[in-house]
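Nothing in this text is a laboratory measurement; each read-out follows from the coordinates by a stated rule. Every value quoted in this text rests on a predicted model; they were computed, and no experiment measured them. Cβ atoms come from the backbone with ideal geometry, glycine included; neighbour counts cover every protein chain shown.
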Amino acid sequence: MIKIRKEGQDIILSLFQLNKINILFSDQIGEQLKKLVEIPGSRILFDIQNIIFIDSTGFGMLIGIGELACKNSSEFILCNPSQEVVELFNLLDVRERLTTSVMDVVGESLLLEVE
């Protein structure tokens, strides 16, 4: 379900055999992300290209991970969001919450850019 690899200085976390981040999987995913963003100065890229749905628990987890990354001087970046996820971000208007968490979303659909 979770694959972690390192490319240069980046730590890339991706999901396989999973197309949702919901109450069933948020805790497990969040625990892995938490361990990574607690490393001061780390740069975590969370590749969500196969994700088509995120529920409120999933969004809460992502926002919390973004805030934790900020506290640890780490970067937490969501990569390759699907069109469905881009629509959820827009529909739920969570950009401001993610911006305050210093969370970028990159890929074909750039949602935020925080410098």
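Here are the numbers for this structure:
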| item | result |
| --- | --- |
| Coil-residue chymotrypsin sites (Phe, Trp or Tyr not before Pro) of the range 12-73, DSSP, other Cβ within 10 Å capped at 12 | Phe16 |
| Equivalent ellipsoid semi-axes - Cα gyration tensor, the range 2-106, angstrom | 19, 16, 13 |
